[in-house]
1. Once both axes come from the Cα atoms, what is the angle between helix 57-67 and the longest principal axis of the chain, in degrees from 0 to 90, rounded to 10?
2. Quick one: among Ser235, Ser173, Ser330, which has the greatest mean-square fluctuation in a GNM of the chain with alpha-carbon springs under 10 angstrom?
3. Going by amide H atoms built from the backbone, whose H comes under 5 Å of the H on Phe180, apart from near neighbours?
4. Determine the distance separating the Cα centre of segment 210-257 from the Cα centre of segment 86-107; give it in Å without decimals.
5. Starting with the highest mean, order 153-162, 5-14 by the number of other Cβ atoms within 10 Å, averaged over the residues of each peptide.
6. Return the calculated 222 nm mean residue ellipticity for the chain, to the nearest 500 deg cm²/dmol, obtained by summing -39500 (n - 2.57) across DSSP H runs with n ≥ 4 and dividing by the residue count.
7. Place the peptides 31-44, 303-316 in order of packing, highest mean first, counting for every residue the other Cβ atoms within 10 Å and averaging per peptide.
8. What percent does the relative contact order of the chain come to when contacts are Cα pairs within less than 8 Å and at least six residues apart?
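The values are calculated or read from the model by the stated rules, or taken from the named source; none is laboratory data. Just so it is clear, the model here is predicted, and its values are computed rather than measured. Positions of Cβ are backbone-derived with ideal geometry, glycine not excepted, and every protein chain shown enters the neighbour counts. Only protein heavy atoms, including side chains, enter the accessible area calculation; ligands, DNA and RNA are left aside. Shrake-Rupley method; radii C 1.70, N 1.55, O 1.52, S 1.80 Å.
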Amino acid sequence: MTASTTGHPWNAHTPCPSCGESSARVVATRDGKTGEALLTVACTACGLGRIDPMPTEQALADWYSRQYRQAYKAAVQPALRHVLRAGRNALDRWHWLARMQPVLAAPEAGPARNSLDIGASSGETVALMRHLGWHATGIEPHQGYAQHAREALDLPVRCGTLLEQIEHTPSASQQLVTMFHVLEHLADPLAALRKIARTLAPGGRLFIEVPNATRLCSPHYMFFRAHTLYFTQPSLHGLMQRAGLQVVAASEPDADNLRVVVEVAPAAPALAAVAIDRADTLVQAQQRRRWLPYLLEQLRTARPLHKLMARQEEKRTAARYANGRELLQSLYGAQGGQRGNSGPAMLSGRAFSG
Ligand SMILES: [Zn+2]
């Protein structure tokens, strides 16, 4: 492999895992975190970004187990400020989902609906869904986090990879599957999405969030080994359609994180309807990542200052709680008391009083 510059045409070692094309353009040649050689390319047919060659599932699993080796030795106790941040993220995603798909937020007359959080981390989303009255479970590959969710929070979070654990989830059993910041770590996203689709109950929804690969960030931040895939909104939607899923709700294409809600498509979509995005979007986004405009943007928006203040606030707020369970109870309960009619009944589990 020879080093190439951004935008250079590239005949990929591994075909695009979304559309199967090998024709690509170079987006980056180095790992932004370590500086090691790492080739990131964008597919010229569908626009999906990926590292090339794509590691096998086994190589990825080995890499993660090396990264996590420390964590395998002892139970992990996530810092309370991380629990707070993750809990707030879970709430933010739920509010968005409830707004986009009110049917999911409506009180259910029958038995509790099932939800599955893939990549459950230390369990904040599973905890929220249970707080909302769902029969929620989770899958988490990181042994320490899964153990923490089970033991400290009493949550049914199974430890294992998506591909092995999804097999143990009964077909057509889930009204909601959530997967936040997982898809960009996979080598074969189509296989994973098809396996997940099998677990969706009729009318069930899959809610995905991934980083938006076109966002402005420091020139060296975007591409690194932990991420195998890089999405724009069209390449994300195209992947969904190829997996037999249709988009029912989506975030704005320029959001920092792309959100998409999908359901099983009634029939295979016509090829012409599949969203496409040429490699240009990712190539141009990377070319725009220069230090001067980045730093000017940081100054203009005072983002580092806001970040610092937010971290301080997280520290102060988290310090009021003895443990993650208390913190999440307070966070999810308090939200229920503060919001309007669309919020309190769902979030506190109380009957609708409106
Ligand atoms: Zn492609």
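1. Relative to the chain, helix 57-67 is tipped by roughly 70 degrees.
2. Answer for the Gaussian network model of the chain: Ser330.
3. Amide H to amide H, under 5 Å and 5 or more residues apart or across chains, Phe180 pairs with Ile118, Glu209.
4. 20
5. 153-162, 5-14
6. -11500 deg cm²/dmol
7. Ranked by mean Cβ neighbours within 10 Å, highest first: 31-44, 303-316.
8. 19 percent.
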